[in-house]
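Comments concern the structure below.
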Amino acid sequence: MITARQALYVGGALAVLAIGVGLYAGGGFDDFGRQVDSEPKMAAPKLAPPDAAASTPRAPNDLAGDPPRAELTAPAGKAGASAAFWPPPETEMPAGEFGDVIRRGREIFIDTPRAASAYVGNSLRCVSCHLDAGRLADSSPMWAAFVSYPAYRSKTKSVTTFQQRLQGCFEYSMNGRAPPPGAPELVALESYAYWLASGAPLDPKIAGRGYPALTPPAQTADFARGEKVYARNCALCHGPDGAGQRTPSGYAVFPALWGSDSFNWGAGMGRISNAAAFVKANMPLGLPGTLTEQQAWDVALYMNSHERPQDPRYTGNVQGTRNDFHATEDSMYGREVAGKVLGASGAPKPFKPWKQSRP
């Protein structure tokens, strides 16, 4: 027999359940997001109050749009510039044909080798470097990139459009080939980024863009120290050999950080400063900010001191390629590590679309 106290508990539980269902149906839990680190539902314009976290102005040469400094910005946690921005929740994607293209762009973004297989030469996905489906501030989010282009890039020595920037990602980060201008894949990705930027100010200095720049390390970045940092904090997910981890069907859960299945020497993540900034702000996954800046510098040097696919701009010899495209201490290309010259792997291999066994 149910006592009065038990009946009270049951009634209270049912009331809480009813309230929870009502809040869920009404969108009351939207603030928790639909995926890891997704942003809260905000009314347009999607700007935080004036006292919200914001970034300090960046150095003028950050606007060059080219590594080693193009992807780096002042930390978003410092006050002094524009307010933080939140992209719209996925529940607000529009209906109709334009919404279908936006959703197609998101699909390509999160499962690039499958959804854009004709242009991808490794198992990396856009979300490997742009976390939370391109939404996460200080992880080079797509909403910030979209409002930062067109821009002059020293890498191309020309004004680069957003689509051209995407082409570079396919060629370097995906170790693939650039889709032609106007290709459906580029249109879908651009549409997705445009939608993520809904309500964002047209500002190449927008808070959260790129990765927060680190101060120069107190000690010169060191391979041996970086190896220890990697073993303690990175190898569990990315493997002791840096090859990452895939599901039995070939889906890359954790990306390869070096080796034949990783980004090539022309990618921005191949710059030590970019990799260190990304690691400090976003890694280990689920524990961002737990490494010291020195540890981030050390492990970035260690990661980029391994062989990877050839730079597509290869001139015919390593030193010539280094002189033309890697003449900086920020790049390990053409430098000797453990008795081997990095990048001395010959001409780029002919492009072959990445094969996978997923249905």
message: Being surrounded by 15 or more Cβ atoms within 10 Å (Cβ to Cβ) and in a loop (DSSP other than H, G, I, E, B) is the filter here; which residues of segment 316-334 pass it?
response: HIS326, ASP330, SER331, MET332, TYR333, GLY334
Top-ranked residue of segment 286-332 - restricted to ones that are within 19 Å of the chain's Cα centre (by Cα) and of a type in the set (S, T, N, Q), ranked as nearest to SER173 (Cα to Cα): ASN304
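Considering only residues that are assigned to a loop (DSSP other than H, G, I, E, B) and not small (Gly, Ala, Ser), which ones fall in segment 301-315?
Of everything in segment 301-315, those that are assigned to a loop (DSSP other than H, G, I, E, B) and not small (Gly, Ala, Ser) turn out to be ASN304, HIS306, GLU307, ARG308, PRO309, GLN310, ASP311, PRO312, ARG313, TYR314, THR315.
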task: May I ask you to list the residues in segment 333-356 that are more than 14 Å from SER260 (Cβ to Cβ) and over 25 Å from the mean Cα position of the chain (by Cα)?
output: GLY334, ARG335, GLU336, VAL337, ALA338, GLY339, LYS340, VAL341, ALA344, ALA347
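What number of residues in segment 116-139 are of a type in the set (Gly, Ala, Ser) and open to solvent by less than 10 Å² (accessible area, probe 1.4 Å)? It would help to see each step written out before you state the result.
In the first step, residues of segment 116-139 are kept if they are of a type in the set (Gly, Ala, Ser); the result is 116-118, 121, 123, 128, 133-134, 137, 139.
With the extra rule that they be open to solvent by less than 10 Å² (accessible area, probe 1.4 Å), the set shrinks to 116, 123, 133-134, 139.
Residues in segment 116-139 being of a type in the set (Gly, Ala, Ser) and open to solvent by less than 10 Å² (accessible area, probe 1.4 Å): 5 in total.
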- prompt: When segment 225-273 is examined, which residues are found to be of a type in the set (Gly, Ala, Ser) and without any contact (Cβ under 8 Å) to a residue 40 or more places away in the chain?
  reply: ALA231, ALA235, GLY239, ALA243
query: Has segment 150-173 got at least one residue that is assigned to a loop (DSSP other than H, G, I, E, B), within 18 Å of GLY270 (Cα to Cα) and open to solvent by 60 Å² or more (accessible area, probe 1.4 Å)?
result: yes
- request: Would you mind telling me which numbered condition in (1) open to solvent by 60 Å² or more (accessible area, probe 1.4 Å); (2) modelled with pLDDT of 95 or more; (3) of a type in the set (D, E, K, R) GLU190 fails?
  value: (1)
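The values are calculated or read from the model by the stated rules, or taken from the named source; none is laboratory data. This structure is a prediction, so every number in the text was calculated from the model and none was measured. Every residue, glycine as well, gets a Cβ built from its backbone with ideal geometry; the counts of neighbours run over all protein chains shown. Keep in mind that these areas ignore ligands, DNA and RNA; they rest on the heavy atoms of the full protein, side chains included. Shrake-Rupley method; radii C 1.70, N 1.55, O 1.52, S 1.80 Å.
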